[in-house]
Amino acid sequence: MLNDNTIIAISTPTGIGAISIVRLSGDKALEIVDVFFKNKSKKKLINQKTNTSHYGQIVDKGTLIDEVIVTIYKNPNSFTGEDTVEISCHGSKYIQQKILHLFIKNGVAPAKPGEFSLRSFLNGKRDLIQAEAIADLISSESEASHSLAIKQMKGGFSIEIKKLRKKLLDFASLIELELDFSEEDIEFADRNQFKLLLNKIEKTISKLTDSFSLGNVLKNGIPIAIIGPPNSGKSTLLNTLLNEDKAIVSEIAGTTRDIIEDQINLNGINFRFIDTAGLRKTKNKIEKIGIKKTYNKLKNASYILYMIDSQSYIKKKSNIKLEINSILKKIKNTPIMILFNKIDIYKISDNDLSDLNMDKVQISAKNKTGIKTLINKLILNFKNDKDQTLITNARHYSALLKTNKSVSNIKKGLSNNIPGDLLSIDIKEAIENLGEITGEITNDELLGNIFGKFCIGK
C-alpha cells in the first residue's frame with residue numbers, strides 16, 4: 001500500500017492564515033526542493049545539517065512564488081524516518097496551491113490520508129498504538145482527551161502489551177521445543193509458572209477492558225442526562241450550567257418535548273449535558289414521543305441527574321421513590337445523583353433524606369445555589385488517575401477481548417492436560433491478537449483502515 005515516491009501535502013488547515021506548512025517526505029525530498037529553493041549563500045539543502053532552518057525563496061523558471069523558511073530533517077532524525085522538508089510559506093491559498101502543484105508537476109506524489117504517519121510506523125519510528133494516538137492528539141478538545149493521547153504516544157500502553165506478548169512468546173517457544181522432543185516426554189515449560197503468567201495476563205486485560213467505557217467518554221465527552229418530572233427545573237439547570245439560555249424555561253408543564261444538549265468543559269473534562277422531556281403519564285402524542293426519547297437517552301448516558309422539586313418530594317415521597325427505583329432498573333449500572341431543586345423556596349432537612357441511600361445534592365438551579373457542589377461531584381466521578389492506563393480505541397478493545405478468550409482456552413487446556421500441539425494453537429492466537437494491537441502483526445487492509453481516517457498531511 002506504500003509507494004516509494006517522495007510525497008507532499010499541505011500540513012496546516014485549509015484556509016487563509018499568516019503561515020502555512022507544505023511538507024515533503026522521501027528519499028528525493030531534499031534533492032527536489034533544492035531545485036526550486038534559492039538563498040543568498042547558494043548552499044544546497046542536501047549539504048546542510050539535519051534539524052536546521054534556512055531562509056530563501058521558492059522560484060519556478062525565474063518567477064518568485066514566495067519567500068519561505070525551509071526546515072530539513074534528515075533520516076532517521078525525522079517524524080517519518082525519511083528525509084523530510086517542511087516549507088513554511090505565507091498562508092495564501094494561492095501560494096499554498098502554487099507550491100503544491102510545482103512539486104507534483106516535478107514528480108512528487110500527493111500524500112494519501114495518514115501517509116506520513118503510516119511511513120513513521122513502517123519505518124519503525126513508533127508502533128501502531130503510538131501512531132493512532134497522533135490522530136487522537138490532533139482531535140483532542142479537552143485536557144482529559146489530550147492527556148490520554150499524550151500518554152499513549154509516550155508508549156505506556158504499548159510497553160505493557162509488548163511485555164505480556166514477549167512472555168507468551170517465551171512459553172510458546174518452550175512448548176514448541178517440547179514437541180520436537182515428544183518421543184522423550186520432556187517438559188521444558190513449567191506449567192505452574194505458565195498458569196501464573198496467564199492469571200496475570202487475564203488480570204491486566206480485564207483492567208484494560210474495564211477502562212474502555214471511561215476512556216471512551218473522556219475522549220469524546222461525557223454524556224450527562226438530566227431527567228425528572230415536568231417543572232422540576234431541568235431546563236433551568238441546563239441554562240445555569242452552560243451560562244446561557246439554551247433551553248426554553250416555562251411554568252407550563254411539558255414545555256421541553258425534544259432533546260436539548262450542549263457541551264461544556266469543566267476542569268479539563270468535556271461534559272455533554274442533555275435536557276430531556278419531563279417524565280409523567282400523558283395523553284399528548286407529541287409529549288409521549290419526547291418521553292420515549294428521554295428513556296432512549298438514558299441508555300447512552302454515562303451519568304444521570306434526576307431532578308425533583310424539594311416540596312414535591314416531601315409531599316409525594318413514596319411515589320417518587322417508586323419512580324427512582326423504576327429508573328434504576330432501566331439504567332442498570334449507570335451512576336445516578338438525585339438533585340433536590342428549588343431550595344430557595346423549600347430546603348429539606350437531613351432527617352427527611354436519611355433513608356435515601358444514594359448520592360444527592362440540594363440545589364437552586366435558578367439562584368445557582370449548590371451548583372459548585374454538583375460540579376465538583378461530577379468531576380470527582382470522572383477524574384482519571386494519571387498513572388492509570390485507559391483504553392480509548394475500539395480496535396484495541398476488540399483485540400483485548402479476543403486475547404482474553406484465547407487465554408481462557410489455554411487455561412482450560414492446561415487443566416484438561418491437552419497435548420502441547422493443541423495448546424500451542426491457542427497460545428499463537430493470543431500472541432497474534434496482542435501483536436495486532438501494537439502492529440507487530442498486521443496487514444495492508446488493517447493499515448489502510450486505520451490510516452485512511454487520518455487527515456491529509458499527517
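Quick note: the coordinates plus some simple rules give every number you see, no bench work behind them. As the structure is a prediction and not an experimental result, all values here were calculated from the model. Counting neighbours? That spans all protein chains shown, and the Cβs are built from the backbone with ideal geometry, glycine included.
Between the amide H of residue 439 and those of 128, distances stay under 5 Å, these residues lying 5 or more places away or on another chain, with hydrogens modeled in the peptide plane. Taking Lys and Arg as +1 and Asp and Glu as -1, the other residues whose beta-carbon sits under 10 Å from that of residue 92 total +1.
The calculated Kirkwood hydrodynamic radius for the range 324-404 is 16.1 Å, given to one decimal from all distinct C-alpha pairs. When a/c reaches 1.5 or more, the comparison of a/b and b/c decides; with that in mind, is the range 7-126 rounded, prolate or oblate per its Cα gyration tensor? Here the range 7-126 falls in the oblate category.
Each helix, a run of at least 4 DSSP H residues, gives -39500 (n - 2.57); summed and divided by the residues of the chain, these come to -15000 deg cm²/dmol at 222 nm. DSSP beta bridges fully contained in the chain are about 65 percent antiparallel.
Normalised by the number of residues in the range 7-126, the mean separation of alpha-carbon contacts (under 8 Å, six or more apart) gives a relative contact order of 31 percent.
Tell me whether the range 38-189 comes out rounded, prolate or oblate; compute the Cα gyration tensor, take square roots of the eigenvalues as a ≥ b ≥ c, and use a/c under 1.5 as the rounded threshold. In terms of gyration-tensor shape, prolate.
In degrees from 0 to 90, rounded to the nearest 10, what is the angle of the helix 128-139 Cα long axis to the longest principal axis of the chain? Taking Cα atoms only, the helix is inclined about 60 degrees.
Summarising the strand pairing of the range 7-126, around 95 percent of its internal DSSP beta bridges are antiparallel. Taking amide H positions as modeled 1.01 Å from N, with prolines and chain starts lacking one, the residues under 5 Å from residue 369 and 5 or more places away or on another chain are 364. For P(r) over Cα pairs in 10 Å bins from 0, in percent, computed directly from the structure shown, the correct entry in (1) 4, 16, 18, 17, 17, 15, 9, 3, 0; (2) 4, 18, 25, 22, 13, 7, 5, 4, 2, 1, 0; (3) 4, 17, 23, 21, 18, 12, 4, 1 is (1). Footprinting exposure proxy ranking of 306, 94, 73, fewest other C-beta atoms within 10 angstrom first, gives 94, 73, 306. Report the relative contact order of the chain, percent, no decimals, based on alpha-carbon pairs under 8 angstrom and at least 6 residues apart. Reported relative contact order: 17 percent. With neighbour counts taken as other beta-carbon atoms within 10 Å, the residues 100, 446, 390 rank, fewest first, as 446, 100, 390.
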